[in-house]
Amino acid sequence: MIDISHSTTVNDFRLARQRSNILGVIHKASEGGDWRDPLYVKRRAEAEAVGLLWGAYHFGTHEYSGADQAAMFLNAARPGPSTLMALDLEFNEQNPSNTMRLRQAEEFVKSIVATTGRHPMIYTTAAWADGEPMGHPQYRLGGRISEHSILANCPLWLADYRFEPQLPSAWRGKGWHFWQYAGDTDDGGPRGHRVRSVSGVVRCDRNLFKGDATMLHKFWTASAGNGPTRRKA
């Protein structure tokens, strides 16, 4: 699986599927409470046309409430019965003070569940999820994600560019579903350019699913939901 945004150059999704054995794409749909990815709709049609599984993610920020960001995401992503959803919960390196905090993330997930009946995946790192400081000056998530948090009920999309990933404490005993093992930059992981190269796509993040293709389709379908998305009036 690959994850991309408008900043990624896509030449041909068909080549990604046929030559690089990419089975699914998770595309950025929105950020904060007022921005949507301008290429999301176009690429969704292109990817689904060649048989790729489709997902959408939201980059969380501090500027807006979790509920407002959830509404923004659903409006931008328009998740259908086969759309996997995810919250990108990470330290905002470009604008540290605008980093989403724990309570906002929990509110985001609660709003998504209330509206759609589904739990989105949580994209994060072990250090950030466990409340460790990041950046200079140092910023924190606002607490450790506990096993009692609604976030811990979400499937984990773990970012870790080391040879073996480290689980956040809230997911120990549950494990990860997706592991982003290589990023889209030259220093985005220890495995070199070869494992990050995808036919038809220029510079993208690479992810592994814990299972085979049949299990991936089953997980994707179950997580996305088997019926139409419920939406509040």
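Among the residues of the stretch 38-45, is there at least one that is closer than 24 Å to PHE108 by Cβ and of a type in the set (Ser, Thr, Tyr)? Yes - at least one qualifying residue is present in the stretch 38-45. Note on the stretch 104-130: residues that are open to solvent by less than 20 Å² (accessible area, probe 1.4 Å) and either part of a loop (DSSP other than H, G, I, E, B) or free of Cβ contacts under 8 Å to residues at least 60 places away in the same chain (or both) amount to 11.
Across the stretch 151-164, what is the total count of residues that are within 18 Å of GLU90 (Cβ to Cβ) and open to solvent by 30 Å² or more (accessible area, probe 1.4 Å)? Looking only at that region, the number is 2. The residues in the stretch 93-103 that are in a loop (DSSP other than H, G, I, E, B) and open to solvent by 10 Å² or more (accessible area, probe 1.4 Å) can be counted, and the count is 4. Of the conditions (1) part of a loop (DSSP other than H, G, I, E, B); (2) surrounded by fewer than 20 Cβ atoms within 10 Å (Cβ to Cβ); (3) at pLDDT 85 or above; (4) not hydroxyl-bearing (Ser, Thr, Tyr), HIS217 clears all except one; give me its number. With respect to (1) part of a loop (DSSP other than H, G, I, E, B); (2) surrounded by fewer than 20 Cβ atoms within 10 Å (Cβ to Cβ); (3) at pLDDT 85 or above; (4) not hydroxyl-bearing (Ser, Thr, Tyr), HIS217 is out only on (1). Just so you know, in the stretch 203-214 the residues that are touching a residue at least 24 places away in the same chain (Cβ under 8 Å) and within 17 Å of TYR181 (Cα to Cα) include one that is most open to solvent (accessible area, probe 1.4 Å), and it is ARG203.
Of all residue pairs spaced 6 or more apart or on separate chains, those with beta-carbon atoms under 6 Å, a first member in the stretch 147-173 that is within 24 Å of ASP184 (Cβ to Cβ) and a second member that is among the aromatic types (Phe, Trp, Tyr) are LEU156/TRP171; LEU156/TRP176; TRP157/TYR123; TRP157/PHE178; LEU158/TRP176; LEU158/TRP179; PRO165/TRP179. In the stretch 10-39, the residues that are over 22 Å from HIS217 (Cβ atoms) and touching a residue at least 12 places away in the same chain (Cβ under 8 Å) reach residues that are in a helix (DSSP H, G or I) and open to solvent by 30 Å² or more (accessible area, probe 1.4 Å) with C-beta atoms within less than 6 angstrom, at least six apart or across chains, in these pairs: GLY33/ASP68.
The values are calculated or read from the model by the stated rules, or taken from the named source; none is laboratory data. Bear in mind the structure is a predicted one, so any value in this text is a computation, not a measurement. For neighbour counting, all protein chains shown are included, and Cβ atoms are generated from backbone atoms with ideal geometry for every residue, glycine included. In case anyone asks, the SASA skips ligands and DNA or RNA and just uses the protein heavy atoms, side chains included. Shrake-Rupley method; radii C 1.70, N 1.55, O 1.52, S 1.80 Å.
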